[in-house]
Amino acid sequence: MKERSEKTRVYLDFVIRMISASGALLGLVFLIWILAVVLLRGIASIDWAFFTELPAPPGMGGGGLANAILGTLIITVLATLLSVPFGLLAGIYLSEFGGQSKFAQSIRFFTNILMGTPSIIIGIFVYTLLVRPIGHFSGYAGAVALAILMLPLVARTTEDMLQLVPSALRESALALGMPRWKVTLNVVFRASKKGLITGIMLAVARISGETAPLLFTALNSPYWPENFARPTANLTVTIFNYAMSPYADWQQLAWGASFLITFTVLITTIGVRYLVRDKHVK
């Protein structure tokens, strides 16, 4: 194999660095552009009524999306409670116990397939499994659909984060006589908590903007979410419906809902990363 000269290697290194920096800069420009548009067009809808009142009929000013905000919060919390425990357990098994066994490889294979499945397919699956047999849409079905979307993300993130913990740390704890489950919970989990929390928050951020699965499961409602066994108001389907409507006041509320989701996810992600940062690293 012919070796490249030092001048050629330096030149290639410079070119690759420039291409990488250009790609990062291009992505950053589009991100700032999207955030600026959502901010400028959505901030005008944000007032006290937006968080406390039900939607007004089309053509009538005022009103808010309080029912959709509450419905989205409850659906997201239910989906998180359903998926995070199972995702963490699956990740622990794959990282600490499964190794390269056929069963663990099978779980990784199906997890990867599930991660690549379009969200609308998950929505149709839950519609066939829960909505159609019951005979009506429900908030519970929406939470199940979002939980299925979160599960593979949490599982693979947990496995990746636990595998980053040095083996010497596990072996030292085991050498002191600690049982394996205590080593996993008290040593490995503690060492990887930053990555685990970040992964869970990214999974929550992923489902917070999902519309397609909720169209087939929770649908939407103009009323308060008093009964989750019935169609439930949520922000993403409301954005879809209002943005497609011919009414200017509904379109403005859709921009406000987009602003709320976007900046809530952004602030939550930044806040969590700040709280779990390594304070000893400067």
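The values are calculated or read from the model by the stated rules, or taken from the named source; none is laboratory data. Not measured: the values here are computed from a predicted model. Note that each Cβ is placed from the backbone with ideal geometry, even for glycine, and that neighbours are counted across all protein chains shown. The area values use the complete protein model at the heavy-atom level, side chains included, leaving out ligands, DNA and RNA. Shrake-Rupley method; radii C 1.70, N 1.55, O 1.52, S 1.80 Å.
Accessible surface area normalised per residue over the chain is 60 Å², counting heavy atoms of protein chains with a 1.4 Å rolling probe.
Given a 1.4 Å probe and the protein chains as shown, Arg17 ends up with an accessible area of around 150 Å².
In the chain, the longest principal axis of the Cα atoms and the axis of helix 235-244 are about 60 degrees apart. Applying a DSSP loop filter and a limit of 14 other Cβ atoms within 10 Å to the chymotrypsin sites (Phe, Trp or Tyr not before Pro) in the stretch 48-109 leaves nothing.
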